[in-house]
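*Asks:* Got a structure here, written out as structure tokens. Questions coming.
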Amino acid sequence: MFLWFLTGKPETANTEPLQSQNQITNVQTSEPKPPESSEPQDSELQQDSIENDDAESEILACLPELFEDAEDRKEKLQQHFEDYEKKRVDAAKRHLSNADAFNYSLFAPPPEGKTRLDLLMEYHQQFPGNPLISVDIINACIGAEDERCSDSLIDDLVSADSNNGAPHVSATIFYASKGEDDKVIEHIKHIEQASTFNERYGERVLTYAQALAGAEIGDFRLAAYEGIGAVPFLSYKPVFDWCEKGLEQAAISDACISLGAELTDRGKTLISWHMGLGLQKKIYEALDNEEIVTALEREKQSFYQRRDANANTNTAISLMMLFDERLLRRWFENIDVHGEVESHAMMQEEATYLYETQGDNALCNFIYDIFNSGG
């Protein structure tokens, strides 16, 4: 997700739901807010001028040579990256195919004749109660014509993380896909009552990266970015359709508005925030409540304006995470506690702390200097 900050664009698969995925939104929601701190925040990271100068001079010294035979060099470099990436991906597949049972069930390419659901169920039967495995089984069961995906199984899986609202969202979508109104409303109430709401997004990405530790060709940062793609896609379409069909029933419309508010107010990822906002907006448009629709749109625009105002800092921090494993780890660890937006806003403070106490990263400081000076 941090690439969203780097590009300045929401992820199209999940953040443009209103037409392509029939999605919906509510107004008790509040846009993600950066964390407040009683101490003033420095506007720049600590700079080490000597190391910055060294980094700059080394980069600039390469430029004359790089410009010679530029096209030929570009082709060779591109081919080198493609060859390396193919070898790395192949090595990752081999490594995961021989991983321990937990990582194998989550990430290994299913062998011929088996599905991801098969691998997950095999693990669950031997070691029940793991939150990541449980929610992946629920998600795999959504829309699946599989007799194993019974109501009793889903309710049992949710109990593995029952005080967390996020698994109940998956259960809500599962029951919405089956049109079981009472079960949908029941799980939305569980979301409201849950003491926490954690999609375990950062935990999952770090688990994937750790699963590749020791691979023949491996790099934590590349594995972490690849781990973002390893997070199963959760389609909200069934619940959007369910809400749309039941708008004339107060119990359903109220439940859908509540679900949208929970996603927006308590979700830790940008996907949850966008889905919650979209769900509320769609419902209030159907109810002809222009005042709330306008307020929701204003909230969305306010978020984008704040993001754009910090574009240089966001881009700099995103690039720094590409080069500094410590920052990347901190970001994923913080997501599940503070949320995606807040954890990104915290990275400047995190970077300052890390560089002051554990040594500077000259390249990161140089990158920050460039963006902060408008260069």
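Taken together, the values in this text are just the output of simple stated rules run on the coordinates, not laboratory data. All values derive from a computational prediction rather than experimental measurement. When we count neighbours, we look across all protein chains shown, and the Cβ atoms used for this are built from the backbone with ideal geometry, even at glycine.
*Asks:* Just to check I understand the Karplus step: with θ = phi - 60° and J = 6.51 cos²θ - 1.76 cosθ + 1.60, what whole-Hz values come out for region 205-213, glycine and proline as x?
*Replies:* 5, 5, 4, 5, 4, 5, 4, 8, 4
*Asks:* Order by neighbour count: Glu340, Glu75, Glu186, Glu112, fewest other Cβ atoms within 10 Å first, most last.
*Replies:* Glu112, Glu75, Glu186, Glu340
*Asks:* Moving on to the next point. Rounded, prolate or oblate: pick one for region 282-336, where a ≥ b ≥ c are the square roots of the eigenvalues of its C-alpha gyration tensor, a/c under 1.5 means rounded, and failing that, prolate if a/b is larger than b/c, else oblate.
*Replies:* Prolate, because a/c is 1.5 or more and a/b exceeds b/c.
*Asks:* A follow-up question, please. Neighbouring Cβ atoms within 10 Å as the yardstick, rank Asp136, Asp83 fewest first.
*Replies:* Asp83, Asp136
*Asks:* If you don't mind, there's one more thing I want to ask. Charges only on Cβ, +1 for Lys and Arg, -1 for Asp and Glu: so what's the dipole of region 166-295 about the Cα centre, in debye to the nearest 20?
*Replies:* 420
*Asks:* Karplus couplings for region 261-272 from phi (6.51 cos²θ - 1.76 cosθ + 1.60, θ = phi - 60°), rounded to Hz, Gly and Pro as x?
*Replies:* 5, 4, 4, 6, 7, 10, x, 9, 10, 5, 4, 4
*Asks:* Considering only Thr294, Ile335, Ser318, whose Cα is most displaced toward the positive end of the charge dipole of region 277-336, charges sitting on Cβ of Lys, Arg (+1) and Asp, Glu (-1)?
*Replies:* Most positive-ward Cα: Ser318.
*Asks:* Contour minus end-to-end for Glu285 and Gln126, with contour as 0.36 nm per residue of separation and end-to-end as the Cα-Cα distance?
*Replies:* Going from the current span to full extension adds 52.5 nm.
*Asks:* Additional query: Provide the FRET efficiency to the nearest 0.05 for the Thr196-Thr294 pair, computing r from the beta carbons and using R0 = 51 Å.
*Replies:* E(calc), rounded to 0.05, equals 0.95.
*Asks:* To continue, here is another question. How far apart, in nm, are the 7 Å Cα→Cβ label points at Asp146 and Ala309?
*Replies:* Label-label distance for Asp146 and Ala309, simple model: 4.7 nm.
*Asks:* Right, something else. Name the shape class, rounded, prolate or oblate, that the alpha-carbon gyration tensor gives for region 145-187, where a ≥ b ≥ c are the square roots of its eigenvalues, rounded holds for a/c under 1.5, and otherwise prolate holds if a/b is larger than b/c and oblate otherwise.
*Replies:* Judged from the Cα gyration tensor, region 145-187 comes out oblate (a/c at least 1.5, b/c at or above a/b).
*Asks:* Label Glu180 and Ala251 with points 7 Å out from Cα along Cα→Cβ: what is the distance between them in nm?
*Replies:* Output for this residue pair reads 1.5 nm.
*Asks:* Work from the charge dipole of region 217-275 (Cβ charges, +1 for Lys and Arg, -1 for Asp and Glu, about the Cα centre) and give the residue of Leu259, Ser272, Ala224 farthest towards its positive end.
*Replies:* So the residue furthest toward the plus end is Ala224.
*Asks:* Separate question: Which value, in debye to the nearest 20, gives the size of the charge dipole of region 183-255 about its Cα centre, when Lys and Arg are +1 and Asp and Glu are -1 at the Cβ?
*Replies:* 80
*Asks:* Residue-wise, which Karplus ³J(HN,Hα) couplings in Hz belong to region 156-162, taking 6.51 cos²θ - 1.76 cosθ + 1.60, θ = phi - 60°, and x for glycine or proline?
*Replies:* Karplus-based 3J(HN,Hα) across region 156-162 equals 5, 5, 4, 5, 5, 8, 5 Hz.
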